[in-house]
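K.L.:
Handing you a structure now.
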Amino acid sequence: FLGSGKTTLLKRVLSEAHGQKIAVIENEFGEENIDNDILVADTQEQIIQMSNGCVCCTIREDLRSTLADLAAKKRKGELDFDRVVIETTGLADPGPVAQTFFMDDEIAESYLLDSILTLVDAKHAESQLDTRQEARRQVGFADRIFISKSELVAEDEVNALVHRLKHMNPRAPQQKVHFGEV
């Protein structure tokens with residue numbers, strides 16, 4: 001959800017030496033952009049090459065057309081990537097995003113939805129989960145839940161949050177994270 005550390009986690013993943021070339025699709029309504037120091041060139045293009053061989057683009061039309069465009073460029077040899085990471089806005093409902101990978105034949109032939117990761121801000125989770133349906137949906141759809149900012153609240157509050165999240169989504173493993181270290 002908003003402010004949980006999605007961009008911090010993404011920056012961490014992009015700067016690690018994992019040997020993967022990652023295409024990142026950022027929703028242009030994100031709260032914070034990827035730092036320009038890891039970009040090779042900041043241009044007006046929809047797709048930007050990153051210094052570690054990754055590529056970054058912004059959703060300008062819709063996710064389906066962005067994914068189709070990336071797949072076409074990969075087939076033509078214009079882009080090289082091993083996986084795609086989609087960083088949605090913190091207000092996103094993951095259902096329609098996930099549905100894109102199953103409902104469209106062209107996308108289903110080019111991509112496999114591996115997992116939905118959800119970051120939960122331990123400091124603000126209680127009120128967000130109480131008042132925002134999007135936050136509850138993000139937890140419900142998650143294949144894996146990362147709890148950020150746990151150092152900012154008492155241990156019993158973190159334990160209560162872990163219990164609540166487990167009740168909301170019993171199949172998703174949970175892990176506390178500190179500044180995107182996963």
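The values are calculated or read from the model by the stated rules, or taken from the named source; none is laboratory data. What you see is a predicted model; the values in this text were computed from it and never measured. So basically every Cβ, Gly included, is an ideal-geometry build from the backbone, and we count neighbours across all protein chains shown. To get the accessible areas, we keep the full protein, side chains included, count just its heavy atoms, and leave off ligands, DNA and RNA. Shrake-Rupley method; radii C 1.70, N 1.55, O 1.52, S 1.80 Å.
K.L.:
Quick check on my filter: what residues within segment 142-152 are over 15 Å from GLY95 (Cβ atoms) and assigned to a loop (DSSP other than H, G, I, E, B)?
P.N.:
Listed by number, the list holds a single entry, LYS149.
K.L.:
Restricting attention to segment 135-171, report how many residues are open to solvent by 20 Å² or more (accessible area, probe 1.4 Å) and of a type in the set (Phe, Trp, Tyr).
P.N.:
Final tally of qualifying residues: 1.
K.L.:
Restricting to segment 72-107, name every residue that is among the aliphatic types (A, V, I, L, M) and more than 19 Å from the chain's Cα centre (by Cα).
P.N.:
Correct list: ALA72, LEU79, MET103.
K.L.:
Of the residues in segment 68-96, how many are in a helix (DSSP H, G or I) and under 19 Å from GLN128 (Cβ atoms)?
P.N.:
Within segment 68-96, residues that are in a helix (DSSP H, G or I) and under 19 Å from GLN128 (Cβ atoms) number 2.
K.L.:
Taking the criterion of being under 25 Å from SER4 (Cβ atoms) and at pLDDT 85 or above, would at least one residue in segment 69-82 satisfy it?
P.N.:
Taking segment 69-82 and keeping what is under 25 Å from SER4 (Cβ atoms), we get none.
No, segment 69-82 contains no residue that is under 25 Å from SER4 (Cβ atoms) and at pLDDT 85 or above.
K.L.:
Which residues, counting only those in segment 104-123, are surrounded by 15 or more Cβ atoms within 10 Å (Cβ to Cβ) and closer than 21 Å to PRO170 by Cα?
P.N.:
Our first condition is that a residue be surrounded by 15 or more Cβ atoms within 10 Å (Cβ to Cβ); within segment 104-123, this holds for 104, 107, 110-111, 113, 116-123.
Matches in segment 104-123: LEU113, ILE116, LEU117, THR118, LEU119, VAL120, ASP121, ALA122.
K.L.:
Scan segment 83-95 residue by residue and report those that are over 17 Å from THR7 (Cβ atoms) and either among the small types (Gly, Ala, Ser) or open to solvent by 70 Å² or more (accessible area, probe 1.4 Å) (or both).
P.N.:
Answer for segment 83-95, where residues must be over 17 Å from THR7 (Cβ atoms) and either among the small types (Gly, Ala, Ser) or open to solvent by 70 Å² or more (accessible area, probe 1.4 Å) (or both): ARG83, GLY95.
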